[in-house]
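The block underneath contains the structure these notes are about, expressed in structure tokens.
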Amino acid sequence: MRRPIALTGTLIAFGLVAGACGASDGDDAKSSSAATVISADRCAKNKAAGTITFLTSFDYAAAASIIDVVSAADQGYYSDVCLEVKLQPGFSSANVALVSADTAQMTSLGSFSEVAVANSQGAGLVAVGVEGHTSIEELLIEKSANITDLKQLEAKSIGIKGAIPYSLRAMLAAKGVDEKKITQIEVDFNPVVLFQTDIVALPVYKSNEPGQLDAQGFAGKYSVFDPHDSAIPASFAVFATSKAFAKKHPSAVADFLRATLKGFQYAADNPDAAVAASLKRSDPKLYFSPTGEAFRWKTELNLVRTSTAKGAAIGAIDAKALGAEVEALITLGVIAKGSVDVASSINDTFMREITKNGELIWGE
């Protein structure tokens, strides 16, 4: 029997660390019901997929595409669709190689750009669900620097953690900024460096650093430049697997998404419980706090909802927007023209199978 769950959009990750930490987590903790919600034949197909290892994009942050997986595991939704899912903390940029090699079968990534860049290098990944259809990143600029036009960043210093995110690079390029004229300085993960060092700008995640700064008394002391305001195509909270796994176990991929999106709804309806569950699994060395993680999930939940097209389901794939994101990478010189086939780097059949009229179909 089909049971629809409302997941319609009403109208993107994370604080980074140098690497992924923590040990593998267990399978889903409990079953929410004694019986499965799919047919015996589909159940057998899903069990044939074996253990599905899911790699998070940033430990167990209370972020979209992580908190919903944790919720689905804890509430037994994967068991309900006959899947054995093993959660493992990961780091977005390191996950693509593991999924490509089938060391892990599913992952969340920071953006579709990560899929495109990986595939330009022969990774063979496919995006199967996209929760955020806007940028999760923004650029903070110290107000005392008196910068009102991004061109003024030339000949100045910007703090980075590895590299400037793709969406921010695209925004700078769109404003005519010569990236080579900006001095990029590696900084640590405390956003207060914006006010305590010589840098004047800092790339951040909307769901992380602004909340930290405001809590430390810096509200109103920085300006925000958001790629969304410059119509920069971007995405976040992207679910991906290998093309080979998707082809061999299509029902398992579809039902992984089905259970995960039910987990999304649970986390949306029960934010305190969902955040607490993620915190319980997180690495204490990362200093996640209840207040910070609550801010993260509230922010990302709102971004997912407001960036999802009216009438579309949470997780739906917008092929046109993802194609524009790849075009931005080509313009930036990140990938060569023709190196990525967008059509074969996405697969929306799974989302179309498990949703109808913008709602999740819970069961067959």
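Structure notes:
- Qualifying positions in the stretch 216-252 - of a type in the set (Val, Ile, Thr) and touching a strand residue (DSSP E or B) at 6+ places or on another chain (Cβ under 6 Å): Val224, Val238, Thr241
- Residue in the stretch 321-349 that is farthest from Ala244 (Cα to Cα), counting only those that are polar (S, T, N, Q) and over 22 Å from the mean Cα position of the chain (by Cα): Thr331
- Test: Ala274 is touching a strand residue (DSSP E or B) at 6+ places or on another chain (Cβ under 7 Å), under 26 Å from Ala94 (Cβ atoms) and assigned to a helix (DSSP H, G or I): no
- Test: residue in the stretch 152-163 that is buried (at least 19 other Cβ atoms within 10 Å of the Cβ) and of a type outside the set (A, V, I, L, M): yes
- Sole exception among (1) surrounded by fewer than 16 Cβ atoms within 10 Å (Cβ to Cβ); (2) charged (D, E, K, R); (3) touching a strand residue (DSSP E or B) at 6+ places or on another chain (Cβ under 9 Å) for Glu209, by number: (1)
- Of everything in the stretch 335-364 that is at pLDDT below 95 and touching a Lys or Arg at 6+ places or on another chain (Cβ under 8 Å), the residue that is surrounded by the most Cβ atoms within 10 Å (Cβ to Cβ) is Glu364.
- Hits in the stretch 258-301 - residues which are crowded, with 24+ Cβ neighbours inside 10 Å and not polar (S, T, N, Q): Arg258, Ala259, Leu261, Lys262, Phe264, Ala267, Ala274, Val275, Glu293, Arg296, Trp297, Glu300
- Selection from the stretch 77-88 of residues that are over 9 Å from Ala259 (Cβ atoms) and either in contact with a Lys or Arg (Cβ under 8 Å, 6 or more places away or on another chain) or crowded, with 24+ Cβ neighbours inside 10 Å (or both): Cys82, Glu84, Leu87
- Verdict on Asp283 being over 21 Å from Thr241 (Cβ atoms) and acidic (Asp, Glu): yes
- Taking the stretch 265-281 as the range and being among the β-branched types (Val, Ile, Thr) and over 17 Å from the mean Cα position of the chain (by Cα) as the test, no residue passes.
- Filtered residue count, the stretch 169-182, keeping only those that are surrounded by 15 or more Cβ atoms within 10 Å (Cβ to Cβ) and not in a helix (DSSP H, G or I): 2
- If you go through the stretch 212-221 and keep only what is crowded, with 19+ Cβ neighbours inside 10 Å and either among the polar types (S, T, N, Q) or assigned by TED's automatic domain parsing to the domain that holds Ser307 (or both), you end up with just Gln212.
- Single residue of the stretch 184-217 satisfying the filter (in a loop (DSSP other than H, G, I, E, B) and in contact with a Leu (Cβ under 8 Å, 6 or more places away or on another chain)) that is nearest to Arg296 (Cα to Cα): Ser207
- Within the stretch 282-315, being part of a helix (DSSP H, G or I) and more than 18 Å from the chain's Cα centre (by Cα) holds for Pro284, Lys285, Leu286, Pro290, Thr291.
- From the list Ile12, Ile66, Ile5, the one residue that fits, being modelled with pLDDT of 50 or more and within 26 Å of the chain's Cα centre (by Cα), is Ile66.
The values are calculated or read from the model by the stated rules, or taken from the named source; none is laboratory data. In this text, all values refer to a predicted model and were calculated from it rather than measured experimentally. Methodologically, a virtual Cβ is constructed for each residue, glycine included, from the backbone with ideal geometry; neighbour enumeration extends over all protein chains shown.
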